[in-house]
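For reference, the structure I am asking about is given below.
The values are calculated or read from the model by the stated rules, or taken from the named source; none is laboratory data. Everything numeric in this text was worked out from a predicted model, so none of it was measured. No Cβ is skipped: glycine too gets one built from the backbone with ideal geometry, and neighbour counts run over all protein chains shown.
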Amino acid sequence: MPRPGLRVKSPDLLVAESGADREGHGLKRTIGPFQLVCFGVGAIVGTGIFVGLSDTVAEAGPAVIISFVLAAITCIFTAFSFAELGGAIPVSGSSYSYTYATLGERAAFLIGWCLLLEYGVSVSAVAIGWGQYLNELLHNTIGWQIPAALADAPGHGGVVNVPAVIVLLLAATLLVRGVRESARATASMAVIKIGILLLFCAIAFTAFEAGNLSPFAPEGIGGIGAGASLAFFSFIGFDAISTAGEEVKNPRRNIPLAILVTIGVVTLLYCLVSVAALGAMPWQDVGGKPAALSLIVNHATGSTFGSTVIAVGAVVAIASVVLAVMYGQTRILMSMSRDGLMPKVFERVSPKTATPVANTWIVAVVFAVPAAVVPLDVVLDMTVIGTLAIMAVVNVCVIALRRSRPGLERRFRVPMYPVAPVLGVAFSVYLMWGLPWLTWVQFAGFLVVGLLLYTFYARPRSRLSLRGVRNET
């Protein structure tokens, strides 16, 4: 039970205030189960596999397959927790709202603060990766590339990453037009990207050589662990499904279903891609190389046609991730704004488009800055550690809500409870442990800033009323 004085908002109040069981706050229920799964796939499959695969291979070698499995296991246990909480508390706040209902307002604000890393900073990382494949596509089709000064961050041979800024502004433009249009675009792009990755596998397997997988783990257990920490980035985004709680038809059923289906599809796809990639080309030639999938296809076919197709798929895939992740960030900020913990501008919904227009443009402009000038590896590590911290807390939330509200309606229940959420915490902490110490220092500083913001800005403005507070022993 929450300790005395803990500022907890009950699940019933969260649902009532959000309008999760009706048309609430101007948001409309337009997303069906297929579109929701496509939204989940759209949020996940992108920079992590198209761009980050080479960095993961550099750490683990052919054992990157095990790294992906470890990252997937972490996500599966946490996906169970998200599925249960998403069905029980179907609101747009995702892990922020789940924490508010179980661990209290201070913890909820810090989780919302960390969500700026998972959604906001990660959208910057994804946008950076988009520019790499855009240049590959331009080179293969018209023989021209964006000059390095306008395509890379300072310190990496560039001045400003213009493509990253462009894709963020394009995504914002689509999002403010309406959820229905965004969902349709995301669904189309998800189908395209899956098709492109399956095509990659078909091409890569034609050049498969078992000898390329030996030695299997050249960097040992440490390399597999470090690779798993990087591979985890490839799975970030499945929880974005839960941010659509107020715009999904029958959310108590469809949110848990979409989360589990999405994780299953993505895990199988990633394992297949990693086996095909490392069977087709020695891992030493893949590790650390930009646009690695195109490189492998060129090697397998002896031409640039295949890599052009892969580049098209990557440009589409990564753009869809920008769209889905930016959507999630705006809905998190909307929920926090409703509670008074963020400025009121983030909760305003346009009566014409039923979308948070100002919110969306603020997110696009703010996160275009790190996308334009920060190197990918720096952005990537901070995104991973923030997301893993959130996932550890979500698993704790399941246990806390089972204890505090055992009778709450749950369409889905975590299997093997309480073992599964405990393992979810353990795997999350294990992957966090594999990150560089500097990332830990940066993350600690980030949390301190968040705590100060809560103490001096958010708590005095909180709209948590007496009827929304539960003080239990």
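If you take the residues in the stretch 399-442 that are aromatic (Phe, Trp, Tyr) and within 17 Å of Gly222 (Cα to Cα), which one is surrounded by the fewest Cβ atoms within 10 Å (Cβ to Cβ)?
If we take residues in the stretch 399-442 being aromatic (Phe, Trp, Tyr) and within 17 Å of Gly222 (Cα to Cα), then Trp437 is surrounded by the fewest Cβ atoms within 10 Å (Cβ to Cβ).
Take the residues in the stretch 119-163 that are aliphatic (A, V, I, L, M) and under 17 Å from Gln329 (Cα atoms); name whichever of them is farthest from the chain's Cα centre (by Cα).
Of everything passing the filter in the stretch 119-163, Ala127 is farthest from the chain's Cα centre (by Cα).
Where the second residue is of a type in the set (Ser, Thr, Tyr) and the first is touching a residue at least 40 places away in the same chain (Cβ under 8 Å) and lies in the stretch 208-228, which pairs have Cβ atoms under 6 Å and are six or more apart or on separate chains?
Short answer, once both residue conditions are applied: Ile224/Ser67; Gly227/Thr56; Gly227/Ser67; Ala228/Ser67.
Yes or no, residue by residue, for (1) of a type in the set (Lys, Arg); (2) under 20 Å from the mean Cα position of the chain (by Cα); (3) closer than 15 Å to Leu168 by Cβ:
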residue: Leu333; (1), (2), (3): no, yes, no
residue: Lys344; (1), (2), (3): yes, no, no
residue: Val349; (1), (2), (3): no, no, no
residue: Thr355; (1), (2), (3): no, no, no
residue: Val365; (1), (2), (3): no, yes, yes
residue: Val373; (1), (2), (3): no, no, yes
residue: Asp381; (1), (2), (3): no, yes, no
residue: Ala392; (1), (2), (3): no, yes, no
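Would you pick out the residues in the stretch 100-116 that are out of contact with any Phe, Trp or Tyr (no Cβ under 8 Å at 6 or more places or on another chain), surrounded by 24 or more Cβ atoms within 10 Å (Cβ to Cβ), part of a helix (DSSP H, G or I) and among the aliphatic types (A, V, I, L, M)?
none
Now for a separate question. From Thr262, Thr301, which residue is crowded, with 24+ Cβ neighbours inside 10 Å, more than 18 Å from Thr56 (Cα to Cα) and among the β-branched types (Val, Ile, Thr)?
Thr262
Okay, moving on. Only one of these is at pLDDT 80 or above, closer than 24 Å to Val167 by Cβ, among the β-branched types (Val, Ile, Thr) and touching a Ser or Thr at 6+ places or on another chain (Cβ under 6 Å): Val322, Val297. Name it.
The unique qualifying residue is Val297.
If you scan the stretch 405-418, which residues turn out to be without any contact (Cβ under 8 Å) to a residue 24 or more places away in the chain and touching a helix residue (DSSP H, G or I) at 6+ places or on another chain (Cβ under 9 Å)?
Once the filter is applied, which keeps residues that are without any contact (Cβ under 8 Å) to a residue 24 or more places away in the chain and touching a helix residue (DSSP H, G or I) at 6+ places or on another chain (Cβ under 9 Å), the stretch 405-418 yields Met416, Tyr417, Pro418.
Exactly one condition in (1) farther than 30 Å from Gln132 by Cα; (2) surrounded by fewer than 17 Cβ atoms within 10 Å (Cβ to Cβ); (3) not aromatic (Phe, Trp, Tyr) is not met by Ser335; state its number.
(2)
I'm checking my understanding of the structure. Among residues of the stretch 213-249 that are closer than 20 Å to Cys114 by Cα and polar (S, T, N, Q), which one is modelled with the lowest pLDDT?
Looking at the filtered set, the residue picked out is Thr243.
With respect to Ala314, determine if the residue is closer than 26 Å to Leu278 by Cα, in contact with a Phe, Trp or Tyr (Cβ under 6 Å, 6 or more places away or on another chain) and of a type outside the set (Asp, Glu).
Judged against the criteria, Ala314 is a match.
A follow-up question, please. I'm checking my understanding of the structure. Among residues of the stretch 194-212 that are in contact with a Gly (Cβ under 6 Å, 6 or more places away or on another chain) and assigned to a helix (DSSP H, G or I), which one is surrounded by the fewest Cβ atoms within 10 Å (Cβ to Cβ)?
Checked the stretch 194-212; the qualifying residue surrounded by the fewest Cβ atoms within 10 Å (Cβ to Cβ) is Asn212.
Can you find even one residue in the stretch 59-67 that is assigned to a helix (DSSP H, G or I), of a type in the set (S, T, N, Q), modelled with pLDDT of 80 or more and in contact with a helix residue (DSSP H, G or I) (Cβ under 6 Å, 6 or more places away or on another chain)?
yes
Mind listing whichever residues of the stretch 329-346 are assigned to a helix (DSSP H, G or I), in contact with a Leu (Cβ under 8 Å, 6 or more places away or on another chain) and in contact (Cβ under 8 Å) with a residue 60 or more places away in the chain?
Selection gives Gln329, Thr330, Ile332.
Just for helices (runs of 4 or more DSSP H) wholly inside the stretch 219-313: which have at least 2 residues that are among the polar types (S, T, N, Q)?
251-280, 292-301
Of all residues in the stretch 79-93 being at pLDDT below 80 and under 17 Å from the mean Cα position of the chain (by Cα), which is surrounded by the fewest Cβ atoms within 10 Å (Cβ to Cβ)?
Ser92
If I filter the stretch 148-169 for residues that are at pLDDT 75 or above, of a type outside the set (A, V, I, L, M, F, W, C) and surrounded by fewer than 22 Cβ atoms within 10 Å (Cβ to Cβ), do I get at least one hit?
For the stretch 148-169, residues at pLDDT 75 or above, of a type outside the set (A, V, I, L, M, F, W, C) and surrounded by fewer than 22 Cβ atoms within 10 Å (Cβ to Cβ): absent.
Could I ask something else about it? Within the stretch 377-415, which residues are part of a loop (DSSP other than H, G, I, E, B) and closer than 15 Å to Thr74 by Cα?
Across the stretch 377-415, the qualifying residues are Val414, Pro415.
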